[in-house]
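Take a look at the structure below.
The values are calculated or read from the model by the stated rules, or taken from the named source; none is laboratory data. Since the structure is predicted, the reported quantities are computational estimates derived from the model, not experimental observations. Don't worry about glycine lacking a Cβ; one is built from the backbone with ideal geometry, like all the others, and counts go over all protein chains shown. Areas reflect the complete protein model, heavy atoms only, side chains present, ligands, DNA and RNA absent. Shrake-Rupley method; radii C 1.70, N 1.55, O 1.52, S 1.80 Å.
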Amino acid sequence: MLKTIAAFDRIGEENAFAVLARATELAAQGRDIINLGIGQPDFRTPDHIVEAAVKALRDGHHGYTPAVGIRPLREAVAADLYRRFKVSVSPDEVMIMPGGKPTMFMSILMFGRPGVDILYPDPGFPIYRSMIEFTGARPVPVPIREENGFGFSAEETLRLITPQTRLLILNSPANPTGGVTPQSEVEKLVAGLERWPDVAVLSDEIYDHMVYDGETHVCLLSYPSIRDRTILLNGWSKTYAMTGWRLGYAVWPGKLYEYARKLAVNLHSCVNAAAQYAGLAALTGPQDEVHRMVAEFDRRRRVVVEGLNALPGVTCATPKGAFYAFPNIKRTGWKAKALASALLEEAGVAVIGGPDFGVLGEGYIRLSYANSTENIRRALARMGEFLTTRKAA
Ligand code: PLP
């Protein structure tokens, strides 16, 4: 037998990819499947961004770049953060990453080890817990509750911090709930963190453009008292419909930048050069398409919420951000994962069971409304028919 490292048996997964594989398999068998499972925009990457990548390759940008990314792109990220949030960031704190995920991977590696606590949102993006367990640190779930609009509670979060806590992971707007934590709650948390100078914060703001109903996104880098221990995770995947390009960025404070740079050199050398030029065009070019996509998500959000609330046994709070709805299905009598599976197999609608995002996800399912309004309406009709005719398993 090969003697491998036990930690690898502790790595988890993202079940959204398994659901996508099953949905694709069923579709290949000729079934009509509506996919509200995977969290990626259904729009094409805007043309001017694609053209910038093509041009970069034609212009000979096909070699390695600096491990931290090309300077103009790092400058563009800094300018974008200033323009949107009045946050001053030096391009030398910005690192271009191969997507959003690698920033959580590296941050959790930097702090996680046995004896250490890492706080993460539950329900939340499944990779947080997976990576915490990989490092041997203790995963401490921060409950994300429907009654708080699926934002985190500062008080509850602060109560979970102990002298063993090294990293606190925050995500707003949030996956899987669409929750946006109000600024007042963020500020309470930041004030409370002053008592815990050894706790670093990883703020996953990948959905920062997608906020609705007049909400404003609060960038964690805005707070000087925690600025020197806040890591920002962001990227192009969701905002510019670029999930497959694998392009993201991190802002690393202090010596973490050097750690991350060395990890990048050891791991991926640099991000795909043409993708970096595409990212530059995305940030410096017209933003109309972003506004158009967000407005369209907003329209669909209303359709989804209204449709879900009309289903028997289902209630859905209006999500304020991202492109997910997280309806409460407790009164249907179904367990969430059984319902998700039956909806896919029997009704041809792919959704994700809440427990795939943490134990507190039981009683909920996640629908991504990154699909056409027509498909959303068809999916809701199928769910309605299913819930009226099929008894809970
Ligand atoms: N963070 C959150 C909260 C996400 O939902 C996702 C993707 O679904 C990511 C990070 C990862 O983004 P990327 O595809 O750029 O790695």
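Only one of LEU170, LEU221 is in contact with a strand residue (DSSP E or B) (Cβ under 6 Å, 6 or more places away or on another chain) and touching a residue at least 60 places away in the same chain (Cβ under 8 Å). Can you tell me which?
On inspection, the qualifying residue turns out to be LEU221.
If LEU367 satisfies all but one of (1) in contact with a Phe, Trp or Tyr (Cβ under 9 Å, 6 or more places away or on another chain); (2) under 18 Å from ILE34 (Cβ atoms); (3) in a helix (DSSP H, G or I), what's the number of the condition it fails?
(3)
Taking PRO41 as meeting all but one of (1) exposed (fewer than 12 other Cβ atoms within 10 Å of the Cβ); (2) within 16 Å of the ligand (Cβ to nearest atom), write down the number of the exception.
For PRO41, the failing item is (1).
Here are some conditions: (1) part of a helix (DSSP H, G or I); (2) within 16 Å of the ligand (Cβ to nearest atom); (3) within 15 Å of ARG74 (Cβ to Cβ). LEU280 meets all but one. Which one does it not meet?
Of (1) part of a helix (DSSP H, G or I); (2) within 16 Å of the ligand (Cβ to nearest atom); (3) within 15 Å of ARG74 (Cβ to Cβ), only one is false for LEU280: (2).
Within the group ILE365, ILE352, ILE329, which residue is over 21 Å from the mean Cα position of the chain (by Cα) and crowded, with 24+ Cβ neighbours inside 10 Å?
ILE329
With the condition kept exactly as written, say whether any residue in the range 12-26 is assigned to a loop (DSSP other than H, G, I, E, B), surrounded by 15 or more Cβ atoms within 10 Å (Cβ to Cβ) and of a type outside the set (Gly, Ala, Ser). Quick ask: steps written out before the conclusion?
So in the range 12-26, the residues assigned to a loop (DSSP other than H, G, I, E, B) come out as 12-14.
Subsequent filtering for residues that are surrounded by 15 or more Cβ atoms within 10 Å (Cβ to Cβ) retains 12, 14.
Next, from what is left, pick out any that are of a type outside the set (Gly, Ala, Ser): 14.
Checked the range 12-26: at least one residue is assigned to a loop (DSSP other than H, G, I, E, B), surrounded by 15 or more Cβ atoms within 10 Å (Cβ to Cβ) and of a type outside the set (Gly, Ala, Ser).
Among the listed residues ARG229, ARG246, identify the single one that is in contact (Cβ under 8 Å) with a residue 24 or more places away in the chain and open to solvent by 70 Å² or more (accessible area, probe 1.4 Å).
ARG246
So VAL87 fits all but one of (1) out of contact with any Pro (no Cβ under 7 Å at 6 or more places or on another chain); (2) within 28 Å of ALA295 (Cβ to Cβ); (3) away from the ligand (no atom under 16 Å from the Cβ); (4) assigned to a helix (DSSP H, G or I); what number is the exception?
(4)
Checking the structure you have, find out if any residue of the range 294-314 is in contact (Cβ under 8 Å) with a residue 40 or more places away in the chain, part of a loop (DSSP other than H, G, I, E, B) and at positive phi.
Taking every residue of the range 294-314 in turn, at least one turns out to be in contact (Cβ under 8 Å) with a residue 40 or more places away in the chain, part of a loop (DSSP other than H, G, I, E, B) and at positive phi.
Just checking, which of ARG377, ARG382 is part of a helix (DSSP H, G or I) and within 27 Å of HIS209 (Cβ to Cβ)?
Selected residue: ARG377, the only one of ARG377, ARG382 that is part of a helix (DSSP H, G or I) and within 27 Å of HIS209 (Cβ to Cβ).
Identify the single condition in (1) touching a Ser or Thr at 6+ places or on another chain (Cβ under 8 Å); (2) more than 11 Å from the ligand (Cβ to nearest atom) that VAL211 does not satisfy, given that it satisfies every other one.
(1) is the only condition that VAL211 fails.
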